[in-house]
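In what follows, a structure is listed as structure tokens, so that the remarks can point back to it.
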Amino acid sequence: MASLTESLTQIHKDIEENNIDSALNSLASLPTELQFCWEICYLRAKSALKQDRLEDAIAELKLAIIDSSSEPQAYLELIQCLIRASKHIEAKIFLEKLIEHFDEESLSFFSLNIADFFLGCGAHDRAVAWAKIAIQKTPENWESYNLLGVALHRQSHILEGLNALKQALQLNPNSPIVHHNVSNLLHQKGSFKLALHHMERAFMIDAKSANIALLYYYSIMFLDLERAKIYGKVLKEQIDTIRPDFIEPFPWLMLTDEGSIIQKVNKKNAAKFKTSPKDKIRRPVGERIRIGYLSNDFTHHATSFLIRALLQQHDHNKFDVIGFDFTDISDTNGYRSDIRDSFSEMHALQDASD
């Protein structure tokens, strides 16, 4: 009879080789008292993931971490699954539990994973802190500098982010991912020529790692119309195979006014955001319809030029018109005043989190 260690080794091998039925049968045959040990729950979760049963994997991993002897891998796998399921608040809660349960020295080996998860949860300050721990642990790892650069970018620390990505490029000058991220930061800085250069470097190293839409957009912004024509042609040819995370609707509006293409791009872009249908809101007959406008352009801006008269034409006997405003509040021009006066209510969101 095989020992427990031998059985677990074989189950790990079966999961890696996609022999999931064999792995699950072996797990089910283990003694009852082992069924809720963290490693057994963890292996059942890994099997579920191989079968695309994400919610089952989450349930098993929540059982795994109840075991006081569980290892960080169980927490990390759970957090990754929750992020995949767009359960970012819950993922952040378990990240905090992971950090409470283990000391920093025990987690230093996983510091890059933790930084990446904090980034995925939108906790950019924590991502920066853990990326720096990862750099201290393995200063030769380009991925740590890359993640630090992205996290700093998310905090709008453009120059600091560029410095971190420069370190990543020194360690791995042929990484298309780093060139792509450098390009994004340079775009924010308004350096379209350099942004184009780094995105083209990513494209030459690995075409699938470069955002063709941004290559087209940067070419337009740099007024290199011949280059834009080339990338525009590639973009149209790749519309059905382009990576969903590389769908950028705005450049397509400059590329074409063909309705079917714009619709396809918008559908692909919308599919990136995991949303669930909401129950229909039932409104008693006779009550006013509530309309909300969300913008950071309630000021001297093209959007305001276009919508000021529209807002003024709403019939306030039939509609409650509500503004959700994250415009720069220091801007007090006449357009802003007119728009504010057109709303039944106006809510300031400048200091609100996402």
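The values are calculated or read from the model by the stated rules, or taken from the named source; none is laboratory data. Worth saying up front: this structure is predicted, and the values here are computed from it rather than measured. Using ideal geometry, Cβ is built from the backbone for each residue, glycine included, and neighbour counts are taken over all protein chains shown. The accessibility values were calculated without ligands, DNA or RNA, using every heavy atom of the protein model including side chains. Shrake-Rupley method; radii C 1.70, N 1.55, O 1.52, S 1.80 Å.
Sort out which residues of the stretch 184-212 are at pLDDT below 90, assigned to a helix (DSSP H, G or I) and open to solvent by less than 60 Å² (accessible area, probe 1.4 Å), and write them in order of number.
The answer is His187, Phe192, Ala207, Ser209, Ile212.
If I go through the stretch 250-291 residue by residue, how many of them are open to solvent by 100 Å² or more (accessible area, probe 1.4 Å), of a type in the set (Asp, Glu) and at pLDDT 85 or above? Give the steps one after another, and end with the answer.
Applying the first criterion (open to solvent by 100 Å² or more (accessible area, probe 1.4 Å)) to the stretch 250-291 yields 250, 253, 257, 263, 267, 273-275, 277-283, 285, 287-288, 290.
Now restrict to residues that are of a type in the set (Asp, Glu): 257, 279, 287.
If we keep only those that are at pLDDT 85 or above as well, we get 257.
Number of matching residues: 1.
Restricting attention to the stretch 167-182, which residues are assigned to a helix (DSSP H, G or I) and either within 24 Å of Ala213 (Cα to Cα) or in contact (Cβ under 8 Å) with a residue 40 or more places away in the chain (or both)?
Filtering the stretch 167-182 down to residues assigned to a helix (DSSP H, G or I) leaves 167-171, 176-182.
Scanning the stretch 167-182 gives Leu169, Pro176, Ile177, Val178, His179, His180, Asn181, Val182.
Pairs only if they're at least six apart or on different chains, beta carbon under 8 angstrom, first in the stretch 279-306 and more than 30 Å from Tyr335 (Cβ to Cβ) and in a loop (DSSP other than H, G, I, E, B), second at pLDDT 85 or above and of a type outside the set (Val, Ile, Thr); list them, first residue then second.
Close Cβ pairs (under 8 Å, with a partner that is at pLDDT 85 or above and of a type outside the set (Val, Ile, Thr)) do not exist here.
Residues being of a type outside the set (A, V, I, L, M, F, W, C), surrounded by fewer than 22 Cβ atoms within 10 Å (Cβ to Cβ) and in contact (Cβ under 8 Å) with a residue 24 or more places away in the chain: count how many of those fall in the stretch 215-226. Break it down into steps so the answer makes sense when it comes.
Step one: filter the stretch 215-226 for residues of a type outside the set (A, V, I, L, M, F, W, C), giving 216-219, 224, 226.
Going one step further and asking which of them are surrounded by fewer than 22 Cβ atoms within 10 Å (Cβ to Cβ), we end up with 224, 226.
Those left that are additionally in contact (Cβ under 8 Å) with a residue 24 or more places away in the chain: 224.
Residues meeting the conditions: 1.
Please state which of the following conditions Glu55 fails to meet, knowing it meets all the rest: (1) acidic (Asp, Glu); (2) without any contact (Cβ under 8 Å) to a residue 12 or more places away in the chain; (3) farther than 23 Å from Thr5 by Cβ.
Status for Glu55: all satisfied but (2).
Are any residues in the stretch 80-106 farther than 15 Å from Arg126 by Cβ and assigned to a helix (DSSP H, G or I), and if so, which ones? Explain how you work it out, then say what you get.
Just the residues of the stretch 80-106 that are farther than 15 Å from Arg126 by Cβ, to begin with: 80-82, 84-87, 90, 101-103, 105-106.
If the condition is that a residue be farther than 15 Å from Arg126 by Cβ and assigned to a helix (DSSP H, G or I), then Gln80, Cys81, Leu82, Arg84, Glu90, His101, Glu105, Ser106 are the ones that fit.
I want to confirm something. Restricting to the stretch 7-34 and keeping residues that are closer than 19 Å to Gln51 by Cβ, free of Cβ contacts under 8 Å to residues at least 24 places away in the same chain and open to solvent by less than 70 Å² (accessible area, probe 1.4 Å), which single residue is farthest from the chain's Cα centre (by Cα)?
Ser26
Return yes or no: is Ile242 more than 22 Å from Phe192 (Cα to Cα), touching a residue at least 24 places away in the same chain (Cβ under 8 Å) and open to solvent by less than 70 Å² (accessible area, probe 1.4 Å)?
Values: more than 22 Å from Phe192 (Cα to Cα): yes; touching a residue at least 24 places away in the same chain (Cβ under 8 Å): yes; open to solvent by less than 70 Å² (accessible area, probe 1.4 Å): yes.
It is true that Ile242 is more than 22 Å from Phe192 (Cα to Cα), touching a residue at least 24 places away in the same chain (Cβ under 8 Å) and open to solvent by less than 70 Å² (accessible area, probe 1.4 Å).
Looking at the stretch 109-157, which of its residues are open to solvent by 40 Å² or more (accessible area, probe 1.4 Å) and β-branched (Val, Ile, Thr)?
Thr138 - this is the single residue of the stretch 109-157 that is open to solvent by 40 Å² or more (accessible area, probe 1.4 Å) and β-branched (Val, Ile, Thr).
Return yes when Glu100 is surrounded by fewer than 22 Cβ atoms within 10 Å (Cβ to Cβ), closer than 27 Å to Leu61 by Cα and in contact with a Ser or Thr (Cβ under 9 Å, 6 or more places away or on another chain) and no when it is not.
Details: surrounded by fewer than 22 Cβ atoms within 10 Å (Cβ to Cβ): yes; closer than 27 Å to Leu61 by Cα: yes; in contact with a Ser or Thr (Cβ under 9 Å, 6 or more places away or on another chain): no.
In short, no.
Working only within the stretch 107-157, note down all residues that are of a type in the set (A, V, I, L, M) and assigned to a loop (DSSP other than H, G, I, E, B). Full working, then the answer.
Here is the first cut: in the stretch 107-157, the residues of a type in the set (A, V, I, L, M) are 107, 112, 114-115, 119, 123, 127-129, 131, 133-135, 147-148, 150-152.
If the condition is that a residue be of a type in the set (A, V, I, L, M) and assigned to a loop (DSSP other than H, G, I, E, B), then Ala123 is the only one that fits.
Does Glu77 satisfy being in a helix (DSSP H, G or I), crowded, with 20+ Cβ neighbours inside 10 Å and over 20 Å from the mean Cα position of the chain (by Cα)? So that I can check it myself, show each step before the final result.
Working: in a helix (DSSP H, G or I): yes; crowded, with 20+ Cβ neighbours inside 10 Å: yes; over 20 Å from the mean Cα position of the chain (by Cα): no.
So Glu77 does not fit the description; no.
In this structure, is Ile66 open to solvent by 20 Å² or more (accessible area, probe 1.4 Å), touching a Cys at 6+ places or on another chain (Cβ under 9 Å) and modelled with pLDDT under 90? Working first, answer last.
Numbers: open to solvent by 20 Å² or more (accessible area, probe 1.4 Å): yes; touching a Cys at 6+ places or on another chain (Cβ under 9 Å): yes; modelled with pLDDT under 90: no.
Considered against the rule, which asks whether it is open to solvent by 20 Å² or more (accessible area, probe 1.4 Å), touching a Cys at 6+ places or on another chain (Cβ under 9 Å) and modelled with pLDDT under 90, Ile66 comes out as no.
Consider the stretch 164-177. How many of its residues are more than 22 Å from the chain's Cα centre (by Cα) and either under 17 Å from Ala195 (Cβ atoms) or of a type outside the set (A, V, I, L, M, F, W, C) (or both)? Write out each step before concluding.
Quick first cut of the stretch 164-177, residues more than 22 Å from the chain's Cα centre (by Cα) only: 166-167, 169-174.
Those still in the list that are either under 17 Å from Ala195 (Cβ atoms) or of a type outside the set (A, V, I, L, M, F, W, C) (or both) too: 166-167, 169-170, 172-174.
Total satisfying the criteria: 7.
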